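These notes concern the structure reproduced below.
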Number of protein chains: 2
Amino acid sequence: MRMESKLINMGKQQNFKVGELMPGLSVDNVIFGFHDNQLKVLLLECMNHRDWMLPGGFVLKSESTDAAAERVLYDRTGLNNVYLQQFHVFGDPSRSRDSLMSSAMKSMELPFETDNWFKQRFVTIGYYALVEFEKVVPVPDSISASCAWHDTDKLPRLIFDHKDIIANALTSMRHHLNYQPIGYNLLPKEFTMKNLQSIYETILNRKLDRSNFTRKMLAAGILDKKEKLFAGGAHKAPYLYSFKKKEYLKVLKDGFNNEF
Amino acid sequence: MRMESKLINMGKQQNFKVGELMPGLSVDNVIFGFHDNQLKVLLLECMNHRDWMLPGGFVLKSESTDAAAERVLYDRTGLNNVYLQQFHVFGDPSRSRDSLMSSAMKSMELPFETDNWFKQRFVTIGYYALVEFEKVVPVPDSISASCAWHDTDKLPRLIFDHKDIIANALTSMRHHLNYQPIGYNLLPKEFTMKNLQSIYETILNRKLDRSNFTRKMLAAGILDKKEKLFAGGAHKAPYLYSFKKKEYLKVLKDGFNNEF
DNA sequence: ATATTATTGGGTCATTATGACACAATATTA
DNA sequence: TAATATTGTGTCATAATGACCCAATAATAT
């Protein structure tokens, strides 16, 4: 069988001939969602039911790397048109060194015939996505046991350098916070100020003063205060807010906290 | 001749067998220097003496992408251990679409036998480097007519999407300014406050108030004021400054203008 | 020799932003 | 009905910022 016509089984929508793929190049998505005032990341469970991995895939010779990341995102979440941002390339050959590789292959319990393809050295492009938690229906691929959300601060054991990739995604988001607002892509239409503050606190990894946070967010002029209050929670009912899309996009473009 | 043993002639230190390279993956360096209070970028002149291109190269199967970028930088500048930062992946297949590709091939006047290698679709990783202008001895590679500095605001015609790559590098630097100081890697040991301000103005693309800029830089506590004055210029002689390395690195690590 | 001129070092000052609190209002639970 | 946690809003001292101003100075022009 010629190498180029060999099939790589990567799930329902992902049976590719090797000849159609960019060799040694992959994308890995760090998909963030927000639930219970906690930042979550979507992971795939390996067939050994112990290790987990990031949703990833290969780049078709005919598609852009962005499109490859969008395809992977769609296959795992059913979502299209979400915030998806390339953040770092992981290009160290040691990331797929033999020891890691064979243990990862074991975790994944991949069929023998995919060996040669998977065992090559991969450079992977990290993307992070911000999605609305409620809208996601997690779908495992054919080499995974399950697909589920995990708290970013209570991650399970991960294959390869996927733990580093997630940490790097968080750092990149932290930097992006310096010049753009966030939340539009993570929160439902209506949300409380506490919801928004929790996102910032998770990404910045520190507590913020509630009063000062509210003042600053309102000063940015991107929030619409609803008269409807959030019912059901314990204690005083907070206001609900929504983003003013036009103003949000303007601030995204012109910068949030531009200094100097 | 087997494909894997074919030689790609890319300059004195760059004769690689195709089989030793990551297929379809390259690095391109945007090398910034500072001279005459202007930000400059190092470019290679194509053999047609009209188009220019970024110094770039291929990634060896055995080396990290970072190492590939360092190798390219060393070959063109003779410099090692400089600030080199990956900033974006350019992964759209249309960037190497036929029309662009063949015109670029013409510009470069590449020998026929390299066609098949060069004509494949490339994903390129953009790196930007900050180097000390005076220390650089620009060295063209074997497929270039010359290697020279150009003002970032007066760029010549460039092949492929290299103009976009430079613009993107500047934007990325602008964002990095938000959380780290700059200048240590661009300026000689001793420099004037005006030198430093010019760098910031170029990267931020706007004028800054001289007095306020001085106040802010001094407040950061990373500058050492020399008693020696800069002689030779017209008008009043300014003080010379140098960076306090330890403090500079601390600010680089902890953040310059961290907000919230 | 002296005036001119561009540039530099060092300020002022009003305004805004920030960080650290305070306190009353309120919705659930005890 | 009281206790409690949470929220909306306000205060206030301090820090940072933006927009100026002015005297000192070194080369150049006269």
Exercise. With a 1.4 Å probe on protein heavy atoms only, tell me which residues of the stretch B:53-70 lose at least 30 Å² of accessible surface in the complex relative to the chain by itself.
Key: B:S64, B:T65
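Using heavy-atom solvent-accessible surface (probe 1.4 Å) with all chains present, what is the largest-first order of B:H49, B:H88, B:H162?
Numbers: B:H49 125, B:H88 55, B:H162 10 Å².
Result, largest first: B:H49, B:H88, B:H162.
Which value, in Å³ per residue, describes the convex hull spanned by the Cα atoms of the stretch B:193-254?
Working: hull volume 6.4 nm³, N = 62.
Normalising the Cα hull of the stretch B:193-254 by residue number yields 104 Å³.
Protein chains only, probe 1.4 Å: how do B:W117, A:W52 rank by accessible area, largest first? Present the calculation step by step, with values, prior to reporting the outcome.
Values: B:W117 5, A:W52 35 Å².
Ranking B:W117, A:W52 by accessible area, largest first, yields A:W52, B:W117.
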Quiz item: Where nothing but the Cβ of Lys and Arg (+1) and of Asp and Glu (-1) is charged, how large is the charge dipole of the protein assembly as shown around its Cα centre, in debye to the nearest 20?
Solution: 1420 debye
Self-check item: Nearest-ten-degree value, helix B:245-254 long axis tilted from longest Cα axis of chain B
Solution: 70 degrees
Quiz item: Rounded to the nearest 10 Å², what accessible area does A:S102 show when all protein chains are kept and the probe is 1.4 Å?
Solution: 60 Å²
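Order A:R97, B:R95, B:R50, most accessible first, counting only protein heavy atoms with a 1.4 angstrom probe. Let's see the in-between values first.
Numbers: A:R97 120, B:R95 25, B:R50 145 Å².
Output order, biggest surface exposure first: B:R50, A:R97, B:R95.
How many Cβ atoms of partner chains, on average, are near each residue of A:84-94 if near means within 10 Å of its Cβ? Spell out each step's value before the answer.
Numbers: counts 0, 0, 3, 2, 3, 13, 2, 13, 5, 9, 1.
Taking the mean over all residues of the peptide, I get 5.
So, R0 is 22 Å and r is the distance between the beta-carbons of B:S211 and B:E247; what FRET efficiency does that work out to, to 0.05? Let's see the in-between values first.
Working: r = 22 Å, r/R0 = 1.02.
Once the sixth-power term is evaluated, E becomes 0.45.
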Quiz item: List the lysines whose alpha-carbon lies under 29 Å from that of A:K119, not counting same-chain residues fewer than 8 positions away?
Solution: A:K6, A:K12, A:K17, A:K61, A:K106, A:K163, B:K6, B:K17, B:K61, B:K119
Exercise. Mind jotting down the distance between the C-alpha centroids of the stretch B:160-229 and the stretch A:15-83, whole Å?
Key: 38 Å
Quiz prompt | Rounded tilt (10° steps) of B:193-204 against the dominant C-alpha axis of chain B | solution = 50 degrees
Quiz item: How much of B:F160 can a 1.4 Å solvent probe reach, expressed as accessible area in Å² and rounded to 10?
Solution: 50 Å²
Practice problem: Run the accessible area of the stretch A:193-254 with a 1.4 Å probe and give the carbon-and-sulfur part as a rounded percent. | Solution: 53 percent
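Got a number for carbon plus sulfur as a percent of the stretch A:17-108's accessible area, 1.4 Å probe? Don't skip to the answer; put the middle values down first.
Working: 1500 of 3350 Å².
Carbon plus sulfur share of accessible area: 45 percent.
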Quiz item: From the label point of B:K61, set 7 Å along Cα to the beta carbon, how far off in nm is each other copy's matching point, shortest first?
Solution: 1.8
Quiz item: Roughly what angle does helix B:210-220 make with the longest principal axis of chain B, taking Cα atoms, 0 to 90 degrees, to the nearest 10?
Solution: 90 degrees
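From the P(r) of the protein assembly as shown, can you give the percent of Cα pairs sitting at distances over 37 Å?
Numbers: 51676 of 134940 pairs.
Within the protein assembly as shown, distances greater than 37 Å cover 38 percent of Cα pairs.
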Self-check item: Chains B and A together, accessible area buried on both sides, 1.4 angstrom probe, square angstrom
Solution: 2700 Å²
Quiz prompt | Beta bridges by DSSP in the protein assembly as shown, antiparallel share as percent, to the nearest 5 | solution = 80 percent
Exercise. Compute the accessible area per residue over chain A, keeping the other protein chains in place, probe 1.4 Å, unit Å².
Key: 48 Å²
Quiz item: When each copy gets a label point 7 Å from Cα toward the beta-carbon at A:S211, what are the spacings between them in nm, shortest first?
Solution: 3.4
Quiz item: What are the aspartates and glutamates whose alpha-carbon lies under 15 Å from the alpha-carbon of A:K236, with same-chain residues fewer than 8 places away excluded?
Solution: A:E227
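Give the percent of DSSP beta bridges with both residues in the stretch B:3-177 that are antiparallel, rounded to the nearest 5. Write out the running numbers ahead of the final one.
Details: 27 of 36 bridges.
Here the share of antiparallel DSSP bridges comes out near 75 percent.
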Exercise. Run through every distinct alpha carbon pair of the stretch A:62-201 and return the Kirkwood hydrodynamic radius in angstroms, one decimal place.
Key: 17.1 Å
Quiz item: What ³J(HN,Hα) values, in whole Hz, does the Karplus curve 6.51 cos²θ - 1.76 cosθ + 1.60 give for the stretch B:87-93 when θ = phi - 60°, with x put for Gly and Pro?
Solution: 10, 6, 9, 9, x, 7, x
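The values are calculated or read from the model by the stated rules, or taken from the named source; none is laboratory data. No experiment lies behind these values; they were computed from the predicted model shown. We place every Cβ from the backbone using ideal geometry, glycine too, and count neighbours over all the protein chains shown. The accessibility values were calculated without ligands, DNA or RNA, using every heavy atom of the protein model including side chains. Shrake-Rupley method; radii C 1.70, N 1.55, O 1.52, S 1.80 Å.
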